[in-house]
Amino acid sequence: MVARFLWKTCIEKTVTMADERTNLIGLDRDELIHLAASIGEKPFRAKQLWHWIYHRGVTDFDAMTTLSKPLRTALSQSFSLARPAVARDERSNDGTSKWLLRFADGNEAETVFIPEEDRGALCVSSQVGCTLTCSFCHTGTQRLVRDLTAGEIVGQLMTARDSYGEWPSPPGDRLLTNIVVMGMGEPLFNFDNVVKALRIIMDPEGIAISKRRITLSTSGVVPMIKKVGEQLGVKLAVSLHAATDDVRDVLVPLNKKYPIRELLDACRAYPGADNARRITFEYVMLKGVNDSPADARALARLVSGIPAKFNLIPFNAWPGAPYECSSVATMNRFAAILNEAGYSAPIRVPRGRDIMAACGQLRSDSQRQRRSRTTPQVAAASPA
Ligand code: SAH
Ligand code: SF4
């Protein structure tokens, strides 16, 4: 089946930059207390600011009605509440949204919102580019430009919330319920900023998305995995993609440093994983490379003892990619073997394929589209 969506709107917006003021988005509670002190205000002002910034989501200091007018004016002179600029805003006819966000220095990353029946997940980026060079991933062919700051990570979420008008943070029914850190980059190579951003996002008096609704995906930075559990307690997804080191060394070169055994030991020790919060093993289906029944059986053996589930991802081809996607029959067989071994192993539907294109090939995909776009209607997904 061909995954192809027509994106209905492509809006090039004027991007305003060069705001000299300090942006408050991305500051944590301690930093806000420090900031309040620096302008001669008591710590409770920091609590008020937190409420306005992260619970109400205001974009203008004038809306902070619990602060005096002179204080609001003073704040607006030195500080801003700026979100990343929306360089492009695309909506698929299936409800998926993609934003190409431009940060203050002109670097860009995409954020994708994927609505489902009873929930909606926002896929956020942690870096511009990636230092790792996974051979099936288009992001891996680009050099790392830089880590995103905590403010830029939180800013992705705030932009999405702005777009859906989900302020103040809704207590119950929400469109944007979940976060997946599965966009561009390796989040555990930008650990401090990712931790800071997710703590801001999880704070129950602010954006308030609980750790149970956040999934962080790593290619397997073994020494950091335990810290994710200890410092964040979010759900873990691991890009496994192979059942043997020989194959994984090629697909995920980081495997040469942290081989499968060490990776799975780290998963076994992951604090907080249990049957209700299983570790997701992501597995991209590559024809003739990692998709044999023997691979499936080996996988089931490898993860035994780990509260695990699989996510089989049809390979999303990109121009020049050295792989093809496995056939539907092969993927079904692979899934059935894992199911028989007791593991859930859904195959992402074509729509998911489209989503992975966005998540794995964010900026390059957009740049390519921008270059090739001659009409406002763009085919966003590549057929695999
Ligand atoms: N760097 C992290 C998170 C970002 S990648 C990681 O590697 O886990 C998010 C997911 O998309 C990973 O499982 C990655 O392997 C997968 N992915 C990347 N390129 C892909 C492609 N072309 N087709 C299918 N999945 C892909
Ligand atoms: Fe980086 Fe993840 Fe792509 Fe590998 S799969 S190159 S770690 S973004």
Practice prompt. Only Lys, Arg, Asp and Glu count, each charged at its Cβ (+1, +1, -1, -1), so figure out the dipole size of the stretch 85-355 about its Cα centre, rounded to 20 debye.
Written response: 500
Worksheet entry | Gaussian network model of the chain, springs between alpha carbon atoms under 10 Å - residue of 248, 301, 199 with greatest fluctuation | 301
Worksheet item: Antiparallel as a % of all DSSP beta bridges within the stretch 85-355, to the nearest 5?
Response: 50
Worksheet item: So what's the net charge close to residue 67: Lys and Arg +1, Asp and Glu -1, counting the other residues with Cβ under 11 Å from its Cβ?
Response: +1
Response to the item:
Per its Cα gyration tensor (rounded if a/c is under 1.5, else prolate when a/b beats b/c, else oblate), the stretch 43-85 is best filed as oblate
Worksheet entry | Under 14 Å, Cβ to Cβ, from residue 336 - net charge with Lys/Arg +1 and Asp/Glu -1 | -1
Worksheet item: Using 1/(1 + (r/R0)^6) with R0 = 22 angstrom and r between the beta carbons of residue 227 and residue 141, what's the FRET efficiency to the nearest 0.05?
Response: 0.15
Worksheet item: Could you state the per residue volume, in Å³, of the convex hull enclosing the Cα atoms of the stretch 212-325?
Response: 105
Worksheet, complete the sentence: Once phi for every residue in the stretch 59-64 is put through the Karplus expression 6.51 cos²θ - 1.76 cosθ + 1.60 (θ = phi - 60°), the whole-Hz ³J(HN,Hα) values, with Gly and Pro written as x, are 10, 9, 4, 4, 6, 7
Worksheet item: residue 304 label point, 7 Å along Cα→Cβ, cut-off 17 Å on backbone N: hits in the stretch 325-348?
Response: 337-344
Fill in: Cβ-based net charge around residue 303, under 11 Å, with every Lys or Arg adding one and every Asp or Glu removing one
+4
Fill in: Using θ = phi - 60° and Karplus 6.51 cos²θ - 1.76 cosθ + 1.60, couplings along the stretch 237-246 (whole Hz; Gly, Pro as x)
10, 10, 7, 7, 6, 7, 9, 10, 5, 4
Response to the item:
Of the convex hull drawn through the C-alpha atoms of the chain, the volume per residue in Å³ is 136
Item to complete: Would you give the gap between the C-alpha center of the stretch 227-271 and the C-alpha center of the stretch 31-68, rounded to a whole Å?
Response: 41
Worksheet entry | Over the chain: helical MRE at 222 nm, DSSP H runs n ≥ 4 each giving -39500 (n - 2.57), nearest 500 | -10000 deg cm²/dmol
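Every read-out reported here was derived from the displayed coordinates using simple, explicitly stated rules and does not represent laboratory data. On a predicted model such as this, the values are computed, not experimentally measured, just so you know. All Cβ positions, glycine included, derive from the backbone under ideal geometry; neighbour counts span all protein chains shown.
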